[in-house]
Amino acid sequence: MNFKLTEEQELIRDNMREFARTYVDPVAVEIDENSRYPEEVIKKLAEGGWMGMPFPAEYGGAGVDYLTYAIAVEELSRSCAATGFTMSVHTGLACGPIALYGNDDQKKKYLTPMAKGEHLGAFALTEPGAGTDVGAATSTAVLDGDEYVLNGVKTFTSNGPVANTYVTFAWTDKNDKRNGMSAFIVPRETPGLSVGEHFMKMGIRASQTSEIIFKDCRIPKENLLGKVGDGMKIAMNCFDHGRIGIAAQAVGIAQAALDESISYSKQRIQFGKPISKNQAIQWMIADMYTDITAGRFLYYYAASLKDQGLPFSKEAAMAKVFCAEMCSKHASKAVQIHGGYGYCKGQKVERLMRDAKITEIYEGTSEAQRMVIAGNVLR
Amino acid sequence: MPNIVCCFKWVVDEAYIKPSSSGKIDLEWAEYKLSDYDRNAIEEAVRLQEIYGGGVTAVTVASSDATKGIKDALSRGPEKAYFINDDQFENLEPSQTSAILAQVIADQIDYDVIICGEGSSDMYSQQVGPRLAEKLGIPCIAFVNQLSIEDKQIIAERKTDEGMEVISAPMPVLVTVLPDINNPRVPGLKDTLAASKKPVINIELEDLASEYKRLLIDKGLKAASIERNCTHFGAGPEDIKAFVEAIRKTGVIDRG
């Protein structure tokens, strides 16, 4: 067993770090304050080939492994969790299912511009009454000649207001709870698709979130993703690999909290010495570093299992719940280390603490991850 | 169309130079990076190529484990690299580094312009560039912060203590560049992936005519330490007296 990344992986990590310092750090505060979608940064990411990392070159991607992609998400999130998440949702939840379940035509038509970063993707699954309980969804897709007619309201759709391509889910057979849901690709310009309420969030404010409404939205039959009835399977599989991205994002946020805490605690003088000389602060920093390292290796492990074609659902859930919870805990500790200054706008830790919380909620709550893990362990 | 050579050094990333509590510096876990100004040298070579055509070759003299440095340099645009390496090639004297570079460049590489960083991030001796030019018998222009090519001449703007100086020189020529000459681009993902597939010419000690014995030997590394005693002073005349008295006690100044 060797815990070392390849030279290429290290360079890619370092380049993403440099990218984030150059293009993301200067806007991170402003896009958070204004809840602004950083279109110019996403364009730069696309130019650098970062928006379709794990997909084959023939479909516009870079063809790197999932581990390398997740490492890039961590580094980007270290500068701005919202930008990291925009890339992660696009890659893991929107491009991912088309790459895995799409046919060649769908990959050419939809995945290719997405993987090149020309089109942004969104994943519209959650509904007002169907969060963790995906099966409680009410959206329907009715075949009418050569078209499916979609009706329903999706909510909390990340990238919703700015996406060009949506992967969405609806019942093709409402009576079959197990195999009655199907997945579809819906281009933004389709009549009957509209963007509803934009949500103002506590954190990751630069990531755009909205309702997506389908009202007699007609899409060609060939936009069915996978087979009729594959919806639930596709959704669950997407979450499995999307979770690795969220774990990486959480590690990025936690690493940023540690970076800030180290530099502040060495500078802040109280009682005649830097507060980093106090054991109370040292223990917080030691715990942060330990948990970050543990979390990082958990998501590396899940990603490397996926890259080897081995089952990774349980490991992705473990990485996600562990990284999310340690991220929240340590972002809060980082504010504690910064004291009153940390509670004020202008200190990065204030943003980190708000950004951290969502990692425990989206792409499966911490409780849902424990259901997955327990389900596997108690089998 | 000019053949452009850029030289680079793979150095310890200063972010990893941290003293232990005993004052020692342990570089065992240190990461390496491209020397800062050499990034500017590579970027300038690639920028000139984009304008005037030609080719860009990267050259380094390094220890044998600097393979990541080769990939890093190639990801920034050069189409091939000469990796002159040996385990002894760490802590070479600038005279040795320049002699090795001169030998390989003279024997194996067609060049019109050679670009070096003004100095390396680790030693900053500023000698390798000028010495290399001397050994190759070509003109050298140092402290350059703007470059262009006109009619087989290189036009360089130099930043000197007296002000800016614009000069020209016939090619082949060597220039050493300052950091404000350009903003090195961040390699994209595909640049890094492509770098692994570019040709690397491996040159080892036995391929070189001369021997290069290590002249500089590390006797040990020690960190400079700053002891803060956090004494506070005001700005009144009495405070200034107290301040002078306090630093006199430390022995930093003496009444003489």
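The values are calculated or read from the model by the stated rules, or taken from the named source; none is laboratory data. Model, not experiment: these values are computed from the prediction. Quick reminder, even Gly has a Cβ in these numbers, built from the backbone with ideal geometry, and neighbours come from all protein chains shown. Note: areas computed on protein heavy atoms with side chains; ligands, DNA, RNA excluded. Shrake-Rupley method; radii C 1.70, N 1.55, O 1.52, S 1.80 Å.
Among the residues of region B:1-24, which ones are surrounded by fewer than 17 Cβ atoms within 10 Å (Cβ to Cβ), β-branched (Val, Ile, Thr) and outside any loop (DSSP other than H, G, I, E, B)?
Scanning region B:1-24 gives a single hit, B:Val12.
Could you tell me which numbered condition A:Cys95 fails, if it satisfies all but one of (1) open to solvent by 10 Å² or more (accessible area, probe 1.4 Å); (2) more than 14 Å from every other protein chain (Cβ to nearest Cβ); (3) touching a residue at least 24 places away in the same chain (Cβ under 8 Å); (4) part of a helix (DSSP H, G or I)?
It is condition (1) that A:Cys95 fails.
Here are A:Lys43, A:Lys4: which of them is of a type outside the set (A, V, I, L, M, F, W, C), in a loop (DSSP other than H, G, I, E, B), surrounded by fewer than 22 Cβ atoms within 10 Å (Cβ to Cβ) and within 14 Å of chain B (Cβ to nearest Cβ)?
A:Lys4
In the set A:Glu315, A:Glu367, which member is more than 16 Å from the chain's Cα centre (by Cα), open to solvent by less than 30 Å² (accessible area, probe 1.4 Å) and at pLDDT 95 or above? Give the derivation first.
Values: A:Glu367 fails: open to solvent by less than 30 Å² (accessible area, probe 1.4 Å).
When all the criteria are applied, what remains is A:Glu315.
Being over 20 Å from B:Glu134 (Cβ atoms) and touching a strand residue (DSSP E or B) at 6+ places or on another chain (Cβ under 6 Å) is the filter; apply it to region B:169-197 and report the residue that is most open to solvent (accessible area, probe 1.4 Å).
Of the residues in region B:169-197, the ones over 20 Å from B:Glu134 (Cβ atoms) are B:178-197.
Now drop any that are not touching a strand residue (DSSP E or B) at 6+ places or on another chain (Cβ under 6 Å), which leaves B:178, B:180-181.
Numbers: B:Leu178: 23, B:Asp180: 80, B:Ile181: 22 Å².
This residue is B:Asp180.
Here's the yes/no breakdown for (1) touching a helix residue (DSSP H, G or I) at 6+ places or on another chain (Cβ under 8 Å); (2) at pLDDT 95 or above; (3) basic (Lys, Arg):
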{"position": "A:Ala122", "(1), (2), (3)": "yes, yes, no"}
{"position": "A:Val149", "(1), (2), (3)": "no, yes, no"}
{"position": "A:Gly152", "(1), (2), (3)": "no, yes, no"}
{"position": "A:Asn164", "(1), (2), (3)": "yes, yes, no"}
{"position": "A:Thr168", "(1), (2), (3)": "no, yes, no"}
{"position": "A:Lys174", "(1), (2), (3)": "no, no, yes"}
{"position": "A:Arg188", "(1), (2), (3)": "no, yes, yes"}
{"position": "A:Ile204", "(1), (2), (3)": "yes, yes, no"}
{"position": "A:Val228", "(1), (2), (3)": "no, yes, no"}
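Report, by residue number, each residue of region A:7-30 that is of a type in the set (A, V, I, L, M), within 14 Å of chain B (Cβ to nearest Cβ) and either open to solvent by 30 Å² or more (accessible area, probe 1.4 Å) or in contact with a Lys or Arg (Cβ under 8 Å, 6 or more places away or on another chain) (or both). Show your work before the answer.
As a first pass, look at region A:7-30 and keep what is of a type in the set (A, V, I, L, M): A:11-12, A:16, A:20, A:24, A:27-29.
Right, trim to within 14 Å of chain B (Cβ to nearest Cβ) and you get A:11-12, A:16, A:20, A:24.
Hits for region A:7-30 are A:Leu11, A:Ala20.
Could you tell me which of the residues A:Glu222, A:Glu189 is assigned to a helix (DSSP H, G or I) and outside the structural domain of A:Gly339 (by TED's automatic domain parsing)? I'd like the intermediate steps shown before the answer.
Numbers: A:Glu189 fails: assigned to a helix (DSSP H, G or I).
Every option except A:Glu222 fails the conditions.
Give the residue, chosen from A:Glu75, A:Glu33, that is surrounded by fewer than 17 Cβ atoms within 10 Å (Cβ to Cβ) and closer than 26 Å to A:Lys201 by Cα.
Values: A:Glu75 fails: surrounded by fewer than 17 Cβ atoms within 10 Å (Cβ to Cβ).
One residue alone meets the criteria, A:Glu33.
Give the residues of region B:225-241 that are more than 14 Å from every other protein chain (Cβ to nearest Cβ) and either free of Cβ contacts under 8 Å to residues at least 12 places away in the same chain or open to solvent by less than 70 Å² (accessible area, probe 1.4 Å) (or both), sorted by residue number.
Selection gives B:Gly234, B:Ala235, B:Gly236, B:Pro237, B:Glu238, B:Asp239, B:Ile240, B:Lys241.
Residues in region B:48-58: is at least one at positive phi and surrounded by fewer than 15 Cβ atoms within 10 Å (Cβ to Cβ)? Walk me through it before giving the result.
The initial filter retains those residues of region B:48-58 that are at positive phi, namely B:53-54.
Going one step further and asking which of them are surrounded by fewer than 15 Cβ atoms within 10 Å (Cβ to Cβ), we end up with B:53.
Yes, region B:48-58 has at least one match.
Name the single residue that is nearest to the other protein chains (Cβ to nearest Cβ) among those in region A:60-72 being among the β-branched types (Val, Ile, Thr) and open to solvent by less than 10 Å² (accessible area, probe 1.4 Å).
Looking at the filtered set, the residue picked out is A:Thr68.
Confirm whether A:Val64 is out of contact with any strand residue (DSSP E or B) (no Cβ under 8 Å at 6 or more places or on another chain) and within 27 Å of A:Asp104 (Cβ to Cβ).
yes
Residues of region B:115-142 being within 30 Å of B:Asp218 (Cα to Cα), open to solvent by 60 Å² or more (accessible area, probe 1.4 Å) and not basic (Lys, Arg), which ones?
Hits for region B:115-142 are B:Asp122, B:Met123, B:Tyr124, B:Gln126, B:Gln127, B:Glu134.
Within the bounds of region B:105-114, is there any residue that is at positive phi and either away from chain A (no Cβ under 14 Å) or surrounded by 20 or more Cβ atoms within 10 Å (Cβ to Cβ) (or both)? Quick ask: steps written out before the conclusion?
Going residue by residue through region B:105-114, those that are at positive phi are none.
No, every residue in region B:105-114 fails to be at positive phi and either away from chain A (no Cβ under 14 Å) or surrounded by 20 or more Cβ atoms within 10 Å (Cβ to Cβ) (or both).
Does region A:50-59 hold any residues that are within 11 Å of chain B (Cβ to nearest Cβ) and surrounded by fewer than 23 Cβ atoms within 10 Å (Cβ to Cβ), and which are they?
A:Ala57
Might you let me know whether region B:126-149 holds any residue that is touching a helix residue (DSSP H, G or I) at 6+ places or on another chain (Cβ under 8 Å) and within 14 Å of another protein chain (Cβ to nearest Cβ)?
no
Out of (1) away from chain A (no Cβ under 14 Å); (2) open to solvent by 60 Å² or more (accessible area, probe 1.4 Å); (3) over 24 Å from B:Asn91 (Cβ atoms), the odd one out for B:Glu204 is which?
(3)
Does region A:273-308 hold any residues that are polar (S, T, N, Q), buried (at least 16 other Cβ atoms within 10 Å of the Cβ) and within 27 Å of the chain's Cα centre (by Cα), and which are they?
A:Ser304
Among the residues of region A:114-129, write down those that are open to solvent by 20 Å² or more (accessible area, probe 1.4 Å) and without any contact (Cβ under 8 Å) to a residue 60 or more places away in the chain.
Selection gives A:His119, A:Thr126, A:Pro128, A:Gly129.
Among the candidates A:Gln270, A:Gln249, A:Gln255, single out the residue that is open to solvent by 30 Å² or more (accessible area, probe 1.4 Å), of a type outside the set (A, V, I, L, M, F, W, C) and assigned by TED's automatic domain parsing to the domain that holds A:Tyr299.
Criteria check complete, one pass: A:Gln270.
Restricting to region B:29-42, and then to whatever is within 14 Å of chain A (Cβ to nearest Cβ) and in a loop (DSSP other than H, G, I, E, B), can you tell me which residue is most open to solvent (accessible area, probe 1.4 Å)?
B:Trp29
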